[in-house]
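The structure appears below as structure tokens.
The values are calculated or read from the model by the stated rules, or taken from the named source; none is laboratory data. These numbers come from a predicted model, not from an experiment. Backbone-built Cβ (ideal geometry, glycine too); neighbour counts: all protein chains shown. Note: accessible area is taken over every heavy atom of the protein model, side chains too, but ligands, DNA and RNA are not part of it. Shrake-Rupley method; radii C 1.70, N 1.55, O 1.52, S 1.80 Å.
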Amino acid sequence: MGKFYAPNNIKSLKSTPLQTSELVAQVEIYTGTIPDNAELIAVGWSIQAKDNKSSANDLKAAKLRVGGRIECSTYDALYTGANSPRICTLSKSAPDNATCKGDLGSGALTVVDGKLYLVGVDSHPNDSACGGSAGYTQFTNVNNYQSFISQYLN
């Protein structure tokens, strides 16, 4: 069976206003260009380098690298680049760092001028062993869905 991609592979939750603190902050959606090989920071509860079995007790972070169109099309024939609806990160570009089962929906962030921005949402965790040097992780590029999100948040 081939892969199926929903046209709006993103979910928005509307909640009461977020109470920010030293540990909780809001981040803006990144609207800039995402170059190949850019560093992203994936966060989640299940990231376990080289261990595809145990869940984390604390929120974890992994530094990932954005893959190029040609390299990522090996895993996703429809991939056109990080500024399209999907962002591909390759495990070989950041060995021992990946998202894992249970991280679906977790965020991918970038840092610009010392400020964190939301770039993507984990939509396809690494197929191979978490943290290995093979495989890829795919994120939904949140910027590509701003108008879709806005129609439900306003």
> Does segment 19-47 hold any residues that are surrounded by 14 or more Cβ atoms within 10 Å (Cβ to Cβ) and small (Gly, Ala, Ser), and which are they?
Replying inline: Ala38, Ala42, Gly44, Ser46
>> With the requirement that a residue be in a loop (DSSP other than H, G, I, E, B), modelled with pLDDT under 85 and open to solvent by 50 Å² or more (accessible area, probe 1.4 Å), what does segment 59-104 give you?
In response: Leu59, Tyr75, Pro95, Asp96, Lys101, Gly102, Leu104
